[in-house]
1. How big, in percent, is the set of alpha carbon pairs in chain A lying more than 29 Å apart?
2. Can you tell me the length gained on complete extension of the stretch A:LYS98 to A:ALA246, counting 0.36 nm per residue apart and subtracting the Cα distance?
3. May I ask for log10 I(q)/I(0) of the range A:101-163 at q = 0.11, 0.24 Å⁻¹, from a Debye sum over the Cα atoms as equal point scatterers with solvent left out?
4. How big is the range A:11-98 by Rg and Dmax over its Cα atoms, in Å?
5. Quick one: helix B:188-198 against the long Cα principal axis of chain B, what's the angle to the nearest 10°, folded into 0 to 90?
6. Working out 0.36 nm times the residue gap between B:LEU94 and B:ASP200, then minus their Cα-Cα distance, what length gain in nm do you get to one decimal?
7. Taking N as the number of residues in the range B:48-186, what value does Rg over Cα atoms divided by 2.2 N^0.38 Å take?
8. Which one of B:GLY60, B:ILE168, B:PRO100 has its Cα pushed farthest toward the positive end of the charge dipole of the range B:38-181, where Lys and Arg give +1 and Asp and Glu give -1 at the Cβ?
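Please treat every number below as a calculation from the coordinates, not as lab data. Computed from a prediction, not measured in an experiment: that's the story for all the values here. Ideal geometry is used to build each Cβ from the backbone, glycine not excepted, and the neighbour counts take in all protein chains shown.
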Amino acid sequence: MLKPLDENTGYGLGRRPIFPLDACNVGFSDGGRQLLDRVSLTLTQGLKTVIMGANGAGKSLLMRVLHGLVKPEVGAVLWARVPADAEVMSRQAMVFQKPSLLRRSAEGNIQFVLGHLNRSEAESRTREILERAGLSAVARTPARLLSGGEQQRLAVARALALEPDILFLDEPCASLDPASTMAVEEMIETAHQTGTKIVLVTHDIGQARRLADEIVFMSGGRIAEHTAARQFFDGPVSAAARDYLAGRLHVPGYSAGT
Amino acid sequence: MTDPASIFLLAMGLVTSGNPELYGIIWLSLRVSLTAVAISCLIGLPLGAALAVVTFPGRGAVIAVLNAFMGLPPVVVGLVVYLLLSRSGPFGVLGLLYTPTAMIIAQALLVTPLIAALARQSLADLHLEYDELFRSLRLGATDKIAALIWDGRYSLSTVALAGFGRAIAEVGAVIIVGGNIEHVTRVMTTAIALETSKGDLALALALGLILVGLAVAVNVAVLSLNRAAKRLAYA
């Protein structure tokens, strides 16, 4: 179901634009360690953005800052040049690495985010969402009794039930088998095709190759590269990215083969 | 008659005979304690959930006071309610002293801090689990509290049963504000105290057996509820 687009702005009819999304000199430290070091980044609407980097590079933190879960110590996050307000916040959704499911049935989890609809609308929308996620057969099953793959599909389906303009995904397939990973990737691809901006954190290079239009590569709390996916995989510019793609531990100041 | 075996047999006879006096006392005890626990849940569960969710200056102190009030001595609560409801007290005009309503008020005051404190502990863990999701969904405090109470309903049932256990077993508060008046405010615990002092050990023991039976039933209910909740992955 494609969102109706305004011919002039390219955004949903009657809704003000929220892109580009800008992180402006964003900094965050904890325990004396600089976790985000004056990061500046601009994300536009149409592309699927994949954030990559080694453990501790600041990927998930950057995503949380963009989504508004963490307030940066310095800098700002701007949506179409202005700080986020309640409306902008309501047009975002996030899927976490560990599916954060309520102690309810699968359908109960979906209905939880459809509180703005009346009962019959919420029920029919829930059926539709679960069917699209391939979860109709387990609609009444307690969410926590679902398999890991089903749980993550439910978490993605619940996020998409919000019809977000931007969907943040923090390693959603980290503990999933290949089939479940493919199912989640299909949901992400479908969401992208219906106009939802995708921002995904992953360690899975194969997944990044399959999904990414552009790569943001982070190292040591900074953005080492922000480039088109093909360009990144064909010829990474930074030593950190080269080491990462080659499966080598990156030590700043040292490059293998030198 | 001081032979324990014959007292026990007499007590069992009373329990099985359907003695109207005995069952009148049991009925009043249940009515008072269940009503008090219902009121305490209405106040204590949202209060506990709010303390689990909302942060404000002095929250730690409020929690410390609430935890301390879990062990409120029933006689002190009884005394406070007595002072409030006595003829010269601020609510004396209502004429509630020595009525079941006064006993309900006293037990509700006794049990509310217990229910609020246990609910807070239980829901704080659940809130930790849901925190990022709630913040991502930009839920307000009221929505968070409602979701936590609903999703934590099984563990909160255990909390309510713990409150009922405290209410039904206490004697100090109800004897002060109820007065232990026959057919009006006499409940199991006050009757046991009176009958023991009068030497009617059979009736006291019969009531004691029923109290113990209720305590066992409450514990079995708690255990079954927890098992069911775990089986359904809702706990």
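1. Details: 10990 of 33153 pairs.
The share of Cα pairs beyond 29 Å in chain A comes to 33 percent.
2. Details: separation 148, 0.36 × 148 = 53.28 nm, distance 2.73 nm.
Gain in length upon complete extension: 50.5 nm.
3. -0.19, -0.93
4. 13.5, 46
5. That works out to roughly 30 degrees.
6. On the way: separation 106, 0.36 × 106 = 38.16 nm, distance 3.53 nm.
Value of the extension gain: 34.6 nm.
7. Values: Rg = 18.1 Å, N = 139, 2.2 N^0.38 = 14.3 Å.
Dividing the Cα Rg of the range B:48-186 by 2.2 N^0.38 Å gives 1.26.
8. Checked the options; the winner is B:PRO100.
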